[in-house]
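Below: one structure, written as structure tokens.
The values are calculated or read from the model by the stated rules, or taken from the named source; none is laboratory data. This is a predicted model, so every value here is computed, not measured. For neighbour counting, all protein chains shown are included, and Cβ atoms are generated from backbone atoms with ideal geometry for every residue, glycine included. Note: accessible area is taken over every heavy atom of the protein model, side chains too, but ligands, DNA and RNA are not part of it. Shrake-Rupley method; radii C 1.70, N 1.55, O 1.52, S 1.80 Å.
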Amino acid sequence: MGIEYLYPEFEVHRNFDRCIKCRVCERQCSEGVHFYDAEDDIMRADESKCVDCQRCVTMCPTRALKIVKTENTFRPNHNWHQDTIEEIYRQATSGGALLSSMGNPKDYPSYWDRILLNASQVTNPSIDPLREPMETKVFLGKKPHDLEFDSHGEVISKLPPQIELELPVMFSAMSFGALSENAHKSLARAATACGTCYNTGEGGLNKSLYPYGPNTIVQVASGRFGVHEDYLKAGCAIEIKMGQGAKPGIGGHLPGRKIGPKVAETRMIPEGSDAISPAPHHDIYSIEDLRQLVYSLKEATNYEKPVIVKIAAVHNVAAIASGIARSGADIIAIDGFRGGTGAAPTRIRDNVGIPIELALAAVDQRLRDEKIRNDISIVVGGSIRSSADVVKAIALGADACYIGTAALIALGCHLCRQCQRGLCNWGIATQREDLCRRLNPDIGTEHLINLLTAWNNEIKEMMGGMGINSIEALRGNRLMLRGVGMTEKELEILGIKHAGE
Amino acid sequence: MLKKEGEIRIPSGCAISGIIDRTGRRSINGRTIVDSIAVMHDRSNGLGGGFAGYGIYPDYADSYAFHVFYDDLKARQETERYLDRYFDVVNMSRIPVRPNRNVVDAPLIWRYFVNPLFNRIQEDRGEIDEKKFIVDTVFYVNTYIDGAYIFSSGKNMGIFKGVGYPEDIGDFYKLEDYDAYCWTAHGRYPTNTPGWWGGCHPFALLDHSVVHNGEISSYDANRRYIEMFGYKCNLLTDTEVITYIIDYLKRKKGFDYEDIAKIIAAPFWEEIDRMPEKEARKMKLLRNTYSSLLITGPFSIICGFDHGLMALNDRLKLRSMVAGEKDEVVYIASEEAAIRRICPDIDGIWAPRGGEPIIVHASKEAM
Ligand code: SF4
Ligand code: SF4
């Protein structure tokens, strides 16, 4: 074997004292790692196929299995890491661009982890969310500039179209096709039960999910898959996807093998054909083109639906956001460089874009400096991992957050980052019938509801600690944040003080 | 070196008191409000006291009364040069004070009664609203003239404040020489020692003055919102931002005080859901539109304005505040004792609920 031989990254450790040869692992593994050797009456494993999705470990009835990162190592080198070298071997033998999925796993700084929250002591009381009302309801969309009243003091102004959310967390765009039907169903039902929204992604909306429309954001992406009048009217808001944090500047590609009858029908394309979204919208080469699309979508929906424009966090995000705020859009969604994806070129995923924390801080401040912050709401995503990240994002200036990866984890995803292969053992990122069945939508729904409920309670607790009893009073309240271990410049961009100041 | 107010945010606890005569008669002598706030001595710590009196300048009722702190002569000269350019200065003098051994390090304190000179202003600024010009003047002097600070800028009203216990400050300014139809007072308990007179309260802009007890947890959300509309929160105090919010909603947006109270101490959504439809619709619109002006955390405020005052608690009522009325005079204070001290036989003192404003208007007839 030549350089294309790579020692398996993971080793399957099977405790043969415990193994009862039930062959569950074999049936559970879509990658074909485990097999039964009848001759020796023993379970064996082809470790070269293992992606460490932890499915077998979880399902093994006798806890006989664990997956361990191999100790086999190249000569350590701080510049040439083993995976760097291996990637070169791969490319040298295949000539292809590397593909991967989920979010950027590299060791870039996480600003969330360097921001700390405040709490009340002595000079003002903290508020106990178990005793006092604690409000997390938010409205996304434009705010009226002036309210008008008639001569009797009755309001005549109407609110512009908005999205009403019971908590500042929504499920971000993940398409049917990239995700299984059961995953989509779980997201739709949980969003409805919790009074928030999920997002169709660019894959259209299957008829069976139309009843969840009031809690659905329908996306219009560059491929325009599944976009038609009823679709636009089915949701509570329309999102124009200009970019995505995991692959800014890049389109999408759903391979034909994932396009079964239902996905084909929903996307309005032939079964088995590749669904390719171009990198740009071919009718949007500039900001004024975006404005036209915003208004055509509004026109198509009688100005009843707020329009979201989603962009990836890139270097001049603040200026772009300011343009979007003036384009007629009601909400801007910014996706950080850690955002997940079903498939992206590895180099793009790992090297393009900027952290969402910095992008958010810059955008919020820029919109305020230009006095247009009330014309648009800000939603951020791209690695919101916990309720604490949500609270920090809101205090930096976000109106709400999108969660994608966190929601999938609640559905069972173990972040093996192999979604692009379509063999998800957890029934999430796959269209294979037998694998899809592994995700029970009732249980999936319940897990998502539990997650949102837990986060909402934690958000309330943190707010109460700060003496804040309404999320509006947290929004943009940067005085509640302090940085640790940051440079002057980082603090300046985030608009926060260092701990101890 | 300790940082001055405005360079650092200093939380403080406080005492507040307010009296208003509904008839609009200038029946309340400065001594009365000093007696009232003095009872709550322990709610202050000697690091700030102040008063706002309404109706105190009947002879100059139509001129803006600027009260100014100066650090030195240079600041005064520079300010006066600026005032001379745009205003007809009807009267100027040092504000009369009497030495009080507990009040030290007083700055130079001057008072100007001024009328804007419109042709001059228009030459430089084009068409401009009179009140906006006054506000701009205050911001200009306070931001750009080193050592000058205009702390009172309304008509027929004035602020008197400084570092010390409120009763000493009242004595220092000889408040017994002033009669008003409305007074508010403040005793401060900051958790830090700024020792700067400008940072004391009441805080005022035009006719609005605010005394406040509490520490608002929504501060930075409120500040960053209001700064979009041309306000500069230089002092980083709650009182400053509350004053600007009230000025914005009243002067720029034209709301009445009832609506202002509903915006800054908005009812909870669950209460709104229980309201009759029409009211709920209006409330929803107000709360939605001005969501960033919701003030959370403990506060009790008394906001004085031309011929009236509004007292308001945060919606959870996390700070004490009581009110009572006798013979057309309404009393409001952090503690009942502060009312009883000046009106011993008052009946029916009550504690207004959180978020429920007390708005009292004084008649304009008497003036
Ligand atoms: S699932 Fe566990 S017990 Fe069953 S065959 Fe695999 S390793 Fe053995
Ligand atoms: S969704 Fe499935 S394939 Fe993708 S990372 Fe998660 S477990 Fe792996």
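The table below gives the values:
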quantity: Residue count, region A:248-268 (criterion: part of a loop (DSSP other than H, G, I, E, B) and crowded, with 21+ Cβ neighbours inside 10 Å); calculated: 2
quantity: Entirely in region A:293-391, the helices (runs of 4 or more DSSP H) that have 3 or more residues that are charged (D, E, K, R) and surrounded by fewer than 24 Cβ atoms within 10 Å (Cβ to Cβ); calculated: A:356-369
quantity: Selected residue (only one of B:E227, B:E215 is within 14 Å of another protein chain (Cβ to nearest Cβ), without any contact (Cβ under 8 Å) to a residue 40 or more places away in the chain and open to solvent by 10 Å² or more (accessible area, probe 1.4 Å)); calculated: B:E227
quantity: Which numbered condition A:R438 fails, given (1) touching a residue at least 12 places away in the same chain (Cβ under 8 Å); (2) away from ligand 1 (no atom under 16 Å from the Cβ); calculated: (2)
quantity: Single unsatisfied condition, B:G162 versus (1) touching a Cys at 6+ places or on another chain (Cβ under 8 Å); (2) closer than 18 Å to B:K232 by Cβ; calculated: (2)
quantity: Residue check for A:E154: over 25 Å from A:I394 (Cβ atoms) and not polar (S, T, N, Q); calculated: yes
quantity: Condition met for A:V363 (of a type in the set (V, I, T) and touching a Leu at 6+ places or on another chain (Cβ under 7 Å)); calculated: no
quantity: Residue tally, condition of a type in the set (S, T, N, Q) and buried (at least 24 other Cβ atoms within 10 Å of the Cβ), over region A:156-191; calculated: 4
quantity: The lone exception for A:R63 - which of (1) within 16 Å of ligand 1 (Cβ to nearest atom); (2) under 29 Å from the mean Cα position of the chain (by Cα); (3) open to solvent by 90 Å² or more (accessible area, probe 1.4 Å) it fails; calculated: (2)
quantity: Some residue of region A:409-428 being under 17 Å from A:L165 (Cβ atoms), open to solvent by 10 Å² or more (accessible area, probe 1.4 Å) and at pLDDT 95 or above; calculated: no
quantity: One residue from B:F87, B:F51, B:F69 being under 17 Å from B:A180 (Cβ atoms), open to solvent by less than 30 Å² (accessible area, probe 1.4 Å) and among the hydrophobic types (A, V, I, L, M, F, W, C); calculated: B:F51
quantity: Where A:I496 falls short, out of the listed (1) crowded, with 24+ Cβ neighbours inside 10 Å; (2) closer than 23 Å to A:G195 by Cβ; (3) of a type outside the set (D, E, K, R); calculated: (2)
quantity: Criterion (under 21 Å from A:L396 (Cα atoms) and either among the β-branched types (V, I, T) or within 14 Å of another protein chain (Cβ to nearest Cβ) (or both)) met by exactly one of A:G467, A:G483; calculated: A:G467
quantity: Single unsatisfied condition, A:K137 versus (1) facing another protein chain (nearest Cβ under 10 Å); (2) crowded, with 20+ Cβ neighbours inside 10 Å; (3) within 30 Å of A:K233 (Cα to Cα); calculated: (2)
quantity: Options A:D52, A:D46, A:D41; residue that is within 16 Å of ligand 1 (Cβ to nearest atom) and surrounded by fewer than 13 Cβ atoms within 10 Å (Cβ to Cβ); calculated: A:D41
quantity: Selection from region B:44-86 of residues that are of a type in the set (F, W, Y) and assigned to a loop (DSSP other than H, G, I, E, B); calculated: B:Y57
quantity: Region B:323-342 - residue that is part of a helix (DSSP H, G or I) and of a type in the set (G, A, S) and, of those, nearest to B:R26 (Cα to Cα); calculated: B:A338
quantity: Output for region A:279-292, where each listed residue is surrounded by fewer than 13 Cβ atoms within 10 Å (Cβ to Cβ) and either closer than 23 Å to A:I348 by Cα or among the β-branched types (V, I, T) (or both); calculated: A:H282, A:Y285, A:S286
quantity: Identity of the residue in region A:149-166, in contact with a strand residue (DSSP E or B) (Cβ under 7 Å, 6 or more places away or on another chain) and more than 8 Å from every other protein chain (Cβ to nearest Cβ), that ends up farthest from A:A400 (Cα to Cα); calculated: A:F149
quantity: Search result, residues across region A:96-129 that are of a type in the set (D, E, K, R) and open to solvent by 70 Å² or more (accessible area, probe 1.4 Å); calculated: A:K106, A:D107, A:D113
quantity: Criterion: under 26 Å from A:D128 (Cβ atoms) and within 19 Å of the chain's Cα centre (by Cα) - qualifying residue of B:P352, B:P357; calculated: B:P357
quantity: A:I127 being of a type in the set (V, I, T), out of contact with any strand residue (DSSP E or B) (no Cβ under 9 Å at 6 or more places or on another chain), on the phi < 0 side of the Ramachandran plot and within 14 Å of chain B (Cβ to nearest Cβ); calculated: yes
quantity: Any chance A:T93 is out of contact with any helix residue (DSSP H, G or I) (no Cβ under 6 Å at 6 or more places or on another chain), more than 16 Å from ligand 1 (Cβ to nearest atom), open to solvent by less than 30 Å² (accessible area, probe 1.4 Å) and among the polar types (S, T, N, Q); calculated: no
quantity: Unique match (being open to solvent by less than 90 Å² (accessible area, probe 1.4 Å) and more than 14 Å from ligand 1 (Cβ to nearest atom)) among A:P8, A:P76; calculated: A:P8
quantity: Verdict on A:A119 being under 30 Å from B:G214 (Cα atoms) and more than 16 Å from ligand 1 (Cβ to nearest atom); calculated: yes
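Listed here are the residues, each with its yes/no results for (1) assigned to a loop (DSSP other than H, G, I, E, B); (2) within 14 Å of another protein chain (Cβ to nearest Cβ); (3) more than 8 Å from ligand 2 (Cβ to nearest atom).
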| position | (1), (2), (3) |
| --- | --- |
| A:L408 | no, no, no |
| A:C416 | yes, no, no |
| A:I428 | yes, no, no |
| A:E446 | no, no, yes |
| A:I449 | no, no, yes |
